[in-house]
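The values are calculated or read from the model by the stated rules, or taken from the named source; none is laboratory data. Predicted, not measured: the structure shown is a model, and the values here were computed from it. Positions of Cβ are generated from backbone atoms using ideal geometry, with glycine treated the same way; all protein chains shown enter the neighbour counts. Keep in mind that these areas ignore ligands, DNA and RNA; they rest on the heavy atoms of the full protein, side chains included. Shrake-Rupley method; radii C 1.70, N 1.55, O 1.52, S 1.80 Å.
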Amino acid sequence: MTVWTLTAEAVDSPDATALRHAYYHDVASRYWGRPATVAEVDAGLDGDGAERLTPPTGRFVVGRCDGEAAACGGVLMLDEERAELTRVFLRHDFRGLGGAGLLMESLEHEARSLGARRMVLNTRLDLVEARRLYLRHGYAEIPAYCTGPYMDIWYGKDL
């Protein structure tokens with residue numbers, strides 16, 4: 001039987017750091033159509049604002065499957081009522097084991113605990129698994145609330 005545990009922890013813990021690197025490697029490699037180099041991943045993570053994913057501005061959650069760091073995600077408060085879902089990632093070997101739904105529930109719980117009444121997010125069209133996950137969990141397409149080079153579609157959900 002697979003056992004998932006999800007806990008909020010510092011973005012610079014060893015497991016959180018490894019998961020953030022794996023996340024960025026995955027999304028950058030897909031964007032460029034080739035494996036991202038270590039230098040590219042490090043450059044992408046440098047100054048990415050992850051330090052804001054700590055109270056009172058946010059939280060970072062690490063999911064472990066049978067004790068192994070397998071998933072992560074962040075919540076960043078945008079204003080008094082809106083939180084942004086960010087850096088949602090499950091290592092490929094752990095997909096299909098029920099962790100994605102538990103991760104989404106945990107992140108929404110963390111957003112509520114920070115005072116959020118609505119969750120928003122942005123993503124790319126090529127991240128089809130992520131888009132399916134958000135739709136499965138009640139997110140609906142919304143107008144753009146921000147702009148950037150890696151944003152193609154925006155979703156929102158009342159908490």
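Listed values, structure above:
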quantity: Separation between Cα centres of the range 1-29 and the range 53-74, rounded to whole Å; calculated: 6 Å
quantity: Rel. contact order, % - alpha carbon contacts under 8 angstrom, at least six apart, the range 58-159; calculated: 24 percent
quantity: Cα-centred dipole magnitude for the range 9-159, charges only on beta-carbon of K, R (+1) and D, E (-1), debye, nearest 20; calculated: 440 debye
quantity: Asp46 accessible area, assembled protein chains, probe 1.4 Å, Å²; calculated: 120 Å²
quantity: Vicinal HN-Hα couplings computed from phi for the range 87-94 (Karplus, 6.51 cos²θ - 1.76 cosθ + 1.60; Hz; Gly/Pro x); calculated: 6, 6, 7, 10, 4, 4, 5, 10
quantity: For the range 121-126, Karplus couplings with θ = phi - 60° (6.51, -1.76, 1.60), whole Hz, Gly/Pro x; calculated: 7, 10, 7, 9, 5, 6
quantity: Leading residue at positive end of dipole, the chain (Cβ point charges), from Ala71, Thr17, Leu45; calculated: Ala71
quantity: Heavy-atom SASA rank of Glu81, Glu108, Glu129 (probe 1.4 Å, accessible area, largest first); calculated: Glu81, Glu129, Glu108
quantity: Per-residue HN-Hα couplings for the range 53-60 [Karplus 6.51, -1.76, 1.60; θ = phi - 60°; Hz; x = Gly/Pro]; calculated: 7, 9, x, x, 8, x, 8, 10
quantity: Charge dipole (the chain, unit charges on Cβ, about Cα centre) - positive-most of Tyr155, Val88, Leu107; calculated: Tyr155
quantity: Antiparallel content of DSSP bridges confined to the chain, in %, to 5; calculated: 90 percent
